[in-house]
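Asks: Sending over a structure as structure tokens; questions will come in a sec.
The values are calculated or read from the model by the stated rules, or taken from the named source; none is laboratory data. Just so it is clear, the model here is predicted, and its values are computed rather than measured. Cβ coordinates were reconstructed from backbone atoms using ideal geometry, including for glycine residues, and neighbour counts include every protein chain displayed. Ligands, DNA and RNA are excluded from the accessible area calculation, which covers all protein heavy atoms including side chains. Shrake-Rupley method; radii C 1.70, N 1.55, O 1.52, S 1.80 Å.
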Amino acid sequence: MKKIIPSVLFAAIAATFTAQAATPANTLVIAQSLDDTSSFDPAQGFELTTVQAFNNVYQRLVQSDPTNPVDLKPTLASSWQAGSDNKSLVFTLNGEATFASGNPLRADDVIYSLARVVKLNLEPSFILTQLGWNAKNVDSFLTKVDDQHVKISWTENVSPNFVLSLLSAPVSSIVDAKLVQANTKGDDFGHQWLSDHSAGSGPYKIRTYVPHEVLVLDANGSSPGGAPKLKTVLIKNVPDAAARRLLIEQGDADMARNLGADQMAGLEGKKGVKPLAVPYASLYFLQFNAKASPALSNPAFWEAARYLFDYDHIAKDLLKNQFQVHQSFLPDGYLGAINDTPYHFDPQKAKAILEKAGLKNVSFTIAVNNQPPYLDIAQALQASFAQGGVKVQLEPGLSSQISTKVKSLNYDATLTSWGPDYFDPNTNAAAFAFNPEDGSKTLAWRANWSIPELNKLTLAATAENDTSKRIADYRQLQLAVQKSSPFVIGLQARSLIAVRDNIQGYVQGINPDMVFYSKVTK
């Protein structure tokens, strides 16, 4: 019965679209794939669909301004103060804030929300365990000063500003502890119930979720940020990008997400439709296994490879401006990001570099996801490397297969992508420039790249509280990786969406979670 009712609702709304030849005036209808969804519990959800929902259903103590994400704004906290030891923060809570249930925000809700993430120990929990927290000790680091004040402490050598960035991540969403505890089964901290319900203070709340069918959000008029403009957000599962394009073109959807370059090109000039290419913090790069062969471990080969990546052709011609050329590990829009592009396609220069290093008849295999744009880019690299005298073979496979090969270090090279887990430069520095001997499976570890000096600088950057000095640290790290590393970073993606031209007020930021529906009007 639970799943029949929403399906009937969905059918009824769909019938309304057909009868009206337009979507309802008080409902935002979105066509996208929902098939990646694991759970709408912020302690687990880590996919595009779920993190995009969290900013509309939940709030955090602090959150990034989507138009200037480096700027953290008080949300459920009204202010905060760092301790004299730089190992604690005391937050003053917004005394007017209530959850969608009507329950007031309390210090207990903050403590419960953060502690349950660590105790459940699901995938995104690593964001908070960077503070030295674990299931046994986390309670000792979360202190209720009084009903409106919470003290958060940590043991790791990281700055308060870094901690604020972690507390702005979706996993740090504050849940209504009373409501969640009323729906807890055993020791699951309400996890099962939250997989398809919500207990937040955001502008919307979950009315209905039917896996692989539909997600329906209802307005929360009591949200501390103000009531949303539209009564309902209905997200329809439409797995095929071509079908999403057709729905937006016909007016059966107000927005279509995750389109491809072909769909965007087909929508150009279509009446009633606005295609949008939004800058997105996802990087595409060629990664070598430095222990796969003597050539692939040679810095001269890494340098030559930078001149055999045909950046402009891939970004502008092959992918029709779906990507922008970007050659450093911090995406454009991040604190300290370097946007210089010192490398360009020059096969003759690459040949000279290889010849000087005594590297002859170099060949390698790229393990690559068999889906676009990965395989498309890899095929272009195969052709451009050939012009420099380097033979490249392609080994396409399912994403899961390629991931297994790379993580087991059983590969020569891979063409892959990387997106941030939270909005702070450390999220990428700790991947590309950090390979400690503690078992961490970072990108640098996957590349078999030993970098003790960069490890030290990466750790120092998280401990630095002076913003200008921290920027200098990240610039130094980026320049080192850009100049000589087994990573040839070439492209930054854009998020390709389309909206009907009567849609106003939609906001989307650079990070995957920065999707905001509350100010949308029709």
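Asks: Under 20 Å from a point placed 7 Å out from the Cα of N361 along the Cα-to-Cβ direction: which residues of segment 378-398 have their backbone N that close?
Replies: The answer is 385-394.
Asks: For the chain, which whole percent of the accessible surface, found with a 1.4 angstrom probe, sits on carbon and sulfur atoms?
Replies: 50 percent
Asks: Give the residue list of trypsin sites (Lys or Arg not before Pro) in segment 105-137 that are DSSP loop and have at most 10 other beta-carbon atoms within 10 angstrom.
Replies: Hits after loop and neighbour filter: K136.
Asks: Could you pull out every one of the lysines with an alpha carbon less than 24 Å from that of K236, ignoring same-chain neighbours closer than 8 positions?
Replies: Correct list for K236: K2, K3, K205, K270, K271, K274, K519, K522.
Asks: Pulled fully out, how much extra length does the chain show between A243 and A352, if you take 0.36 nm times their separation in residues and subtract their Cα-Cα distance?
Replies: Contour length minus Cα-Cα distance gives 34.4 nm.
Asks: Which whole-number value in Å² is the accessible area per residue of segment 119-240, probe 1.4 Å?
Replies: So segment 119-240 comes to 40 Å² accessible per residue, rounded to a whole number.
Asks: Same structure, new question: Sorted by mean Cβ packing within 10 Å, highest first, what order do the peptides 427-439, 348-360 take?
Replies: The packing order, highest mean first, is 427-439, 348-360.
Asks: For segment 386-511, just say rounded, prolate or oblate: build the C-alpha gyration tensor, square-root its eigenvalues into a ≥ b ≥ c, call rounded for a/c under 1.5, and beyond that prolate if a/b exceeds b/c, oblate if not.
Replies: Cα axes put segment 386-511 in the oblate bin.
Asks: So with the 1.4 Å probe, I'd like the accessible area per residue for segment 441-522, rounded to whole Å².
Replies: 38 Å²
Asks: Using Cα pairs under 8 angstrom and six or more residues apart, how large is the relative contact order of the chain, in percent?
Replies: 20 percent
Asks: Compute the FRET efficiency between K519 and D438 as 1/(1 + (r/R0)^6), taking r as their Cβ-Cβ distance and R0 = 51 Å, and round to the nearest 0.05.
Replies: Rounded to the nearest 0.05, the efficiency is 0.70.
Asks: While we're here: What distance in nm separates the simple spin-label points at T155 and S222, each placed 7 Å from Cα in the Cβ direction?
Replies: The answer from the label model is 4.0 nm.
Asks: Among all lysine pairs in segment 50-177 that are eight or more places apart or on different chains, how many have alpha carbons less than 21 angstrom apart?
Replies: 10
Asks: Rounded if a/c is under 1.5, else prolate if a/b beats b/c, else oblate: with a ≥ b ≥ c from the C-alpha gyration tensor eigenvalues square-rooted, which is the chain? Can you show the working numbers first?
Replies: Working: a/c = 2.07, a/b = 1.27, b/c = 1.63.
Here the chain falls in the oblate category.
Asks: Moving on to the next point. Counting other C-beta atoms within 10 Å, and keeping those with at most 11, which DSSP coil trypsin sites (Lys or Arg not before Pro) do you find in segment 219-271?
Replies: K271
Asks: Per 0.36 nm of contour for each residue apart, how much would the distance between I503 and K316 grow if the chain were fully extended, relative to their Cα-Cα spacing?
Replies: Values: separation 187, 0.36 × 187 = 67.32 nm, distance 2.82 nm.
That pair, I503 and K316, stretches by 64.5 nm at full extension.
Asks: If I model a spin label at H344 and T143 as a point 7 Å from the Cα along the Cα→Cβ vector, what separation in nanometres do I get?
Replies: The two pseudo-label positions are separated by 5.9 nm.
Asks: Run the numbers for S468 and Q393: contour at 0.36 nm per residue of separation, minus the present Cα-Cα distance, in nm.
Replies: Full extension of this stretch gives 22.6 nm more.
Asks: Efficiency by 1/(1 + (r/R0)^6): what FRET value for N410 and D108, r their Cβ-Cβ distance, R0 = 60 Å, to the nearest 0.05?
Replies: The computed FRET efficiency comes out at 0.80.
Asks: Just check segment 277-333 against the gyration tensor rule for me: Cα atoms, a ≥ b ≥ c as the square roots of the eigenvalues, rounded for a/c under 1.5, and otherwise prolate or oblate depending on whether a/b exceeds b/c. All intermediate terms of the calculation are to be shown ahead of the outcome.
Replies: On the way: a/c = 2.94, a/b = 1.93, b/c = 1.53.
Prolate, since a/c reaches 1.5 and a/b exceeds b/c.
Asks: Can you pull out the GluC sites (Glu not before Pro) in segment 173-280 whose DSSP state is coil and whose Cβ has at most 11 other Cβ atoms within 10 Å?
Replies: Qualifying residues, ordered by number: E268.
Asks: For the residue pair A25 and K178, what label-to-label distance in nm results when each label sits 7 Å from Cα along the Cα-to-beta-carbon direction?
Replies: 3.7 nm
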